[in-house]
Amino acid sequence: TLPSPCNACLRTCSRILGLSLGTTALFAAVANTLLLFPNWDVTYLLRGLIGRQAMLGSGLWGGGLMVLTAATLISLMGWRYGCFSKIGPCRRMLTALLSSGLALLGALICFITSGVALKDGPFCMFDVSPFNQTQAWKHGYPFKDLHNRNYLYDHSLWNSVCLEPSKAVVWHVCFFSTLLCISLLQILLVVIHVINSFLGLFCSLCEK
């Protein structure tokens with residue numbers, strides 16, 4: 001039997017949401033992968049000179065794999081493929097909530113990790129003499145100690161504090177900001193999917 005216009009529209013919406021979430025998951029994975037290779041240099045990763053948040057890989061397994069898994073389920077429900085072709089509205093709603101919860105959890109993990117990373121600043125080599133009057137260089141988070149200045153707004157600090165890798169701040173801010181925006185978009189798409197699923201449930205119950 002042909003689906004009602006209401007259900008047909010909601011299925012199309014599910015397909016679009018699944019495709020959109022899957023695309024954002026791939027972008028999140030790429031952005032997190034690039035954070036592991038600052039300035040396209042693999043030596044920092046081999047030497048263990050990568051920041052905690054980048055090594056955590058929340059864009060790979062949180063905003064990436066978890067969201068991609070949920071996106072696959074949402075797409076399968078939209079296309080009514082395989083075991084999703086004959087399930088009832090209640091089971092379909094349960095599956096939608098589970099997939100939404102999985103995607104929301106992954107997106108939130110990525111969002112929080114990216115926010116903390118932007119707050120702490122990049123992991124880089126810097127001169128510690130301004131802090132303890134000793135001429136020395138070390139790897140760490142120099143912007144965590146600048147309590148009276150915010151490096152995100154003070155661009156004069158971007159090329160003067162981190163000595164290595166070059167343009168560490170630009171790389172860090174660019175890709176963690178990308179992850180932050182992607183995870184926000186994923187959360188928005190999940191909310192739309194939940195609303196779409198409830199509308200689908202109501203349409204199915206009304207048809208009966």
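The values are calculated or read from the model by the stated rules, or taken from the named source; none is laboratory data. Nothing here was measured: the structure is a model prediction, and the numbers come from that model. As a convention, Cβ positions derive from the backbone with ideal geometry for all residues, glycine included, and neighbour counts pool all protein chains shown. What goes into the accessible areas is simple: the full protein's heavy atoms, side chains included, and nothing from ligands, DNA or RNA. Shrake-Rupley method; radii C 1.70, N 1.55, O 1.52, S 1.80 Å.
Structure values in brief
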| item | result |
| --- | --- |
| Efficiency of FRET from Cβ geometry, T23 and L163, R₀ 35 Å, rounded to 0.05 | 0.40 |
| In nm, spacing of pseudo-spin labels at M55 and V116 (7 Å Cα→C-beta vector) | 1.4 nm |
| Helix-only mean residue ellipticity at 222 nm for the chain, each DSSP H run of n ≥ 4 adding -39500 (n - 2.57), per residue, nearest 500 | -21000 deg cm²/dmol |
| Square roots of five times the Cα gyration tensor eigenvalues for the chain, Å | 46, 15, 11 |
| Computed label-point distance, nm, for sites C206 and A8 using a 7 Å Cα→Cβ extension | 1.6 nm |
| Percent accessible area from carbon and sulfur atoms, the chain, protein chains only, probe 1.4 Å | 70 percent |
| Extension gain (nm, one decimal) between V42 and S129, 0.36 nm per residue minus Cα-Cα | 28.5 nm |
| Theoretical FRET efficiency, 1/(1+(r/R0)^6), r = Cβ-Cβ of Y141 and L184, R0 22 Å, to 0.05 | 0.35 |
| Surface accessible to a 1.4 Å probe, per residue, for the residues of the chain, Å² | 54 Å² |
| C174-L98 pseudo-label distance in nm [points 7 Å out on the Cα-to-Cβ vector] | 4.1 nm |
